Amino acid sequence: MSRQINGLAAVAALLLVLAAAPLHGQRMTAKITGSVSDEANQYLSGVRVTAINIRNNAVLSTETAKKKGAFRFLALDPGGYQLTFELDGFAPLTMSGILLNAEQSATLRVKLKKLPPAEAQGGS
């Protein structure tokens, strides 16, 4: 009976290890999600959000914030990222030092500052 219990324990331990290990070819990724609003906490749609991998300076993708200012970058390689936020009439914003591990996600709440009318029109 003792051998049978030890055998079952070994099988259970093996199953736990196999379940915890990623499948062959499975990519461990991270994600960044969030929303963009103005200083009055009004969500902003149409904001251009660009994610840059700081390891190789590669622009990974550009999202346009949707309803409720929502943006998301899924299936990112683990590592460091820089995000830029741009919308006409608002000061651009850059966020650096966003570090992600495998299977980690970051949720950002971003506020953009409205430009004075002269700057918003290109300073003319």
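Listing for the model above:
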quantity: DSSP bridge pairs, the range 30-120: antiparallel proportion in percent, nearest 5; calculated: 75
quantity: Net lengthening on full extension, TYR43/MET95 (0.36 nm per residue, minus Cα-Cα); calculated: 16.9 nm
quantity: Proximal charge balance of THR84 [Cβ under 14 Å; K/R count +1, D/E count -1]; calculated: -1
quantity: Gained length - ARG72 relative to LYS114, 0.36 nm times residue gap less alpha-carbon distance; calculated: 12.8 nm
quantity: Neighbour-count order for ILE98, ILE54, fewest beta carbons within 10 angstrom listed first; calculated: ILE54, ILE98
quantity: Unit charges on C-beta of K, R, D, E only; dipole of the range 30-120, Debye; calculated: 220
quantity: For TYR81, TYR43, order by how many other beta-carbon atoms lie within 10 Å, fewest first; calculated: TYR43, TYR81
quantity: J(HN,Hα) series, the range 101-116, from Karplus relation 6.51 cos²θ - 1.76 cosθ + 1.60, nearest Hz, glycine and proline x; calculated: 8, 4, 6, 9, 10, 10, 10, 10, 10, 10, 10, 9, 8, 5, 7, x
quantity: Other-chain or far-sequence residues with amide H under 5 Å of SER105's (modelled H); calculated: LYS31
quantity: Virtual spin-label span in nm between GLN104 and THR64, 7 Å along Cα→Cβ; calculated: 3.2
quantity: Inter-label distance for LYS31 and ASN57, nm, one decimal - labels placed 7 Å from Cα along Cα-to-Cβ; calculated: 3.1
quantity: Karplus 3J(HN,Hα) series, Hz, for the range 52-61 with 6.51 cos²θ - 1.76 cosθ + 1.60 (x for Gly, Pro); calculated: 10, 6, 6, 5, 10, 6, 7, 6, 7, 5
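Only the coordinates and a few stated rules stand behind these numbers; no lab work does. Computed from a prediction, not measured in an experiment: that's the story for all the values here. When we count neighbours, we look across all protein chains shown, and the Cβ atoms used for this are built from the backbone with ideal geometry, even at glycine.
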